[in-house]
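The values are calculated or read from the model by the stated rules, or taken from the named source; none is laboratory data. Note that the structure is a prediction, hence the values are computed from the model and not measured. Cβ sites come from the backbone with ideal geometry, for glycine too, and all protein chains shown count toward neighbours. Protein only, heavy atoms only, side chains kept; ligands, DNA and RNA dropped before computing areas. Shrake-Rupley method; radii C 1.70, N 1.55, O 1.52, S 1.80 Å.
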Amino acid sequence: MQLTDRAGPAYFHKVVDCQWACPAHTPVPEYIRLIAQGRYTDAYMINWVSNVFPGILGRTCDRPCEPACRRGRVEENNGDKPEPVAICRLKRVAADHKGDLDGRLPVRAAPNGRRVACIGAGPASLTVARDLAPLGYEVVVYDGEAKAGGFMRSQIPKFRLPESVIDEETQRVLDLGVTFRSGQRVDSMRAVLRDGFDAVFVGCGAPRGRELEVPGRAEAAAHIHIGIDWLASVSFGHVSSVGERVIVLGGGNTAMDCCRSAKRLGGKDVKVIVRSGFDEMKASPWEKEDALHEGVEIHNFLVPRRVVHEGGRLSGMEFERVKAEYDAKGRRSLVPTGEPDLFVAADTVLVAIGQENAFPWIERDCGISFDKHGLPVLDASTHQSTLPNVFFGGDAAFGPKNIITAVAHGHEAAVSIDRLLNGEDPAARPLAHANLMSQKMGIHEWSYDNDISIAARNKVPWAAAERALQSIKIEVELGFDEATAWREAQRCLNCDVQTVFNRDTCIECDGCVDICPMDCITFTAPGEEADLRTRLKAPATNLAQDLYVSTALKSGRVMVKDEDVCLHCGLCAERCPTGAWDMQKMLLHTTQAGPRCRDAATAPNQPKVIA
């Protein structure tokens, strides 16, 4: 096995599991350390540069970072339910406690004469606008609603995301010099292209809910509603009540929002009915827990058979009982159990079984190709369509996902647009770059400290249930106070502070091996990776994470470290008598639109962003 390649940012980036898992690659440990220091505004700006909506995402993110968190993984054998650092809730702390942002936001450059249209005012479009407007682009955002935010505003209930938070963070983008054409729904791509825009970004989401096709659906249509449309009607005040007996069909986050909203609008008997098993539901684990906490029943392995009605008046639904069976390749199929069908009484049915893309406003002869699923044909890295100056992002690009993925799409599309309009190939993606800086402060002292003892995750306080369930607008989660935020921040293992090995100063005393609490360092004979993994002090079984391997030492052995279970505690560096181990903080700078993403010969001065 060859020496680990540390020349580019990819190796050490992958070691920072939370940042690697985040679609926008937010530097999580960096902002958590700032929160621990009480530097909330700095922590907010670190977030704002990468994820654009810290206050919104601090309440609603799907948290791909948390399952990847090293804290939960290395404790998996030390507790019944090891839990990751509350990364998402700490993000909210930065938003809730930040100070004045004056002087920290980018200043718009002189107009560069280029115009970009963004269709839809959701997270993807607003990210494109945030990245391009400060560079001098004239960015025009179109949306059919009166306020920006897209589905963040219409589909996420106010008890999870207060409107004031959406207003603040969307307005912060618009204040960068973006023109917002509210109440202007685009009904023709050809018309947009004729309007003289140099590039068009489509971020209109996946606006169509999947329909339920069972007998009786049409006859009882007055009492059956598509989930995303119903949530929008609730959000805008068009719906203020619901039947006492409510069935919600579906197992995703939209279904959880529907059932919890129904509880607040008068639903006394609210049931979520899912065709899959509980663990297979697409809803985030905490969303399911929150629904159960509020008295919602979740019933699994039930497939809708028919809607029962009397002269158009809904009585309920019948469901077939099924079970999961798996073939030799692990593929699941649902088969009937043979038990009698189950009747569930209901006054209202909410259908949340998925979302679909719909582009009736894009003429099929304008040069944009679509696949058999109705999705645009795109370059996966540039987000460029078959019409070179039209780009897609968010749910409109590859189907429904989440806010943080939409933000990541917006960043990538902005880079593509910026390169295209500067005469460069959008596919020539500039690499991210990273800084590694030693944290050494003395002979055996470093500027950070890891508490590697087992520490339970802190609980977020909730509003009293009897109060929260009375109104659709009372926020349920109250967020961490400063003291709790500090305690939770201490659980972070600072994965971005890397253990960096210098083979030239190593005397092979094996002191680092002796002191390592995870047995993740081994000095052994060189060999191929598969062989090395079995010869380590503790076999490295996670093939997804790389091994850190040195060149041959004086004895002919190599140093091998399993990056998967390393605690970044720094004990190896403290123990080393020659300083062969150092603790170095890595800060990753992702590629964003602007001169740094372009070829060096054409790059003018870059606008200043203070983070």
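Need the full-extension length gain, R331 to R467, defined as separation in residues times 0.36 nm minus the C-alpha distance. One decimal, nm. Gain in length upon complete extension: 44.5 nm. Amide H to amide H distances under 5 Å link K323 with V335, T337, where only residues 5 or more positions off or on other chains count and H is placed in the peptide plane.
Sorted by accessible area with a 1.4 angstrom probe, largest first, how do E168, E475 fall? Could you put the intermediate results ahead of the total?
Numbers: E168 70, E475 35 Å².
If we order E168, E475 from most to least accessible, we get E168, E475.
Exposure check, 1.4 Å probe, all protein chains in place: L387 carries approximately 40 Å² of accessible surface. In terms of accessible area, using a 1.4 Å probe and ignoring ligands and nucleic acids, I443, I46, I521, I515 rank largest first as I443, I515, I46, I521. Distance between the modelled labels on D379 and E163, one decimal in nanometres: 4.2 nm (7 Å Cα→Cβ projection).
Karplus-derived 3J(HN,Hα) values for the stretch 82-89, using 6.51 cos²θ - 1.76 cosθ + 1.60 with θ = phi - 60°, are x, 10, x, 4, 6, 4, 4, 6 Hz; glycine and proline are entered as x. What's log10 of I(q)/I(0) for the chain at q = 0.10 Å⁻¹, Debye sum over Cα points only, no solvent? The Cα Debye sum returns log10 ratios of -1.00.
To the nearest 20 debye, what is the magnitude of the charge dipole of the stretch 1-118 about its Cα centre, counting +1 on the Cβ of each Lys and Arg and -1 on the Cβ of each Asp and Glu? Don't skip to the end; give the middle numbers.
Values: 18 positive and 13 negative charges, 86 e Å.
Charge dipole, the stretch 1-118, about its Cα centre: 420 debye, nearest 20.
Residues of the stretch 356-378 with amide nitrogen under 15 Å from the 7 Å Cα-to-Cβ point of D195? Residues 361-363 qualify, since their backbone N sits under 15 Å from the label point. Karplus-derived 3J(HN,Hα) values for the stretch 52-65, using 6.51 cos²θ - 1.76 cosθ + 1.60 with θ = phi - 60°, are 6, 10, x, x, 5, 5, x, 10, 10, 4, 6, 6, x, 5 Hz; glycine and proline are entered as x.
Expected output is a single nm value to one decimal: the length gained when fully extending between A552 and D100, i.e. 0.36 nm times separation in residues minus the C-alpha distance. What is it? Please report the intermediate quantities before stating the final value.
On the way: separation 452, 0.36 × 452 = 162.72 nm, distance 5.30 nm.
Residue separation times 0.36 nm, minus the Cα-Cα distance, leaves 157.4 nm.
Helix-only mean residue ellipticity at 222 nm, the chain, DSSP H runs n ≥ 4 weighted -39,500 (n - 2.57), per residue, nearest 500. What is it? Walk me through the numbers on the way to the answer.
On the way: 22 runs with 171 residues, N = 611.
Helix contribution divided over all residues of the chain: -7500 deg cm²/dmol.
Among W486, W446, W230, W462, the order of accessible area from largest down is W486, W462, W446, W230, computed with a 1.4 Å probe on protein heavy atoms.
Less than 13 Å Cβ to Cβ from R172, Lys/Arg counted +1 and Asp/Glu -1: what total charge do the surrounding residues give? Computed value for this residue: -3.
What FRET efficiency comes out for E445 versus E529 if R0 is 35 angstrom and r is the Cβ-Cβ distance? Round to the nearest 0.05.
On the way: r = 35 Å, r/R0 = 1.00.
The pair E445/E529 has a calculated efficiency of 0.50.
3J(HN,Hα) along the stretch 168-184: 4, 7, 6, 5, 4, 6, 4, 5, 7, x, 7, 8, 10, 8, 6, x, 10 Hz, from the Karplus curve 6.51 cos²θ - 1.76 cosθ + 1.60 with θ = phi - 60°, whole Hz, x for Gly and Pro.
Give the carbon-plus-sulfur fraction of the accessible surface of the stretch 42-118 in %, rounded to a whole number; probe 1.4 Å, heavy atoms of protein chains only.
On the way: 1280 of 2800 Å².
Of the solvent-accessible surface of the stretch 42-118, carbon and sulfur hold 46 percent.
Surface analysis of the stretch 498-594 yields an accessible area of 40 Å² per residue, using protein heavy atoms and a 1.4 Å probe.
I'd like the carbon and sulfur percentage of the solvent accessible area for the stretch 202-280, probe radius 1.4 Å, heavy atoms only, ligands and nucleic acids excluded. Present the calculation step by step, with values, prior to reporting the outcome.
Numbers: 1490 of 3100 Å².
Carbon with sulfur: 48 percent of the solvent-accessible area.
Extension gain, A221 to S240, is 5.0 nm, computed as 0.36 nm per intervening residue step minus the present C-alpha separation.
Just order 118-129, 300-311 by mean Cβ neighbour count inside 10 Å, highest at the front, would you? All intermediate terms of the calculation are to be shown ahead of the outcome.
On the way: 118-129: 31.3, 300-311: 16.7.
Put in order of decreasing packing, that is 118-129, 300-311.
In Å², and per residue, what accessible area does the stretch 223-380 have when probed at 1.4 Å with the other protein chains present?
Ligands and nucleic acids excluded, the figure is 47 Å² per residue.
Annotation: amide H-H contacts under 5 Å for Q355 (H modelled 1.01 Å from N, sequence separation of 5 or more, or interchain): R210. Amide H contacts of Q498: Q584, K585, M586, each under 5 Å away and 5 or more positions distant or on a separate chain (H built 1.01 Å from N in the peptide plane; Pro and chain starts excluded).
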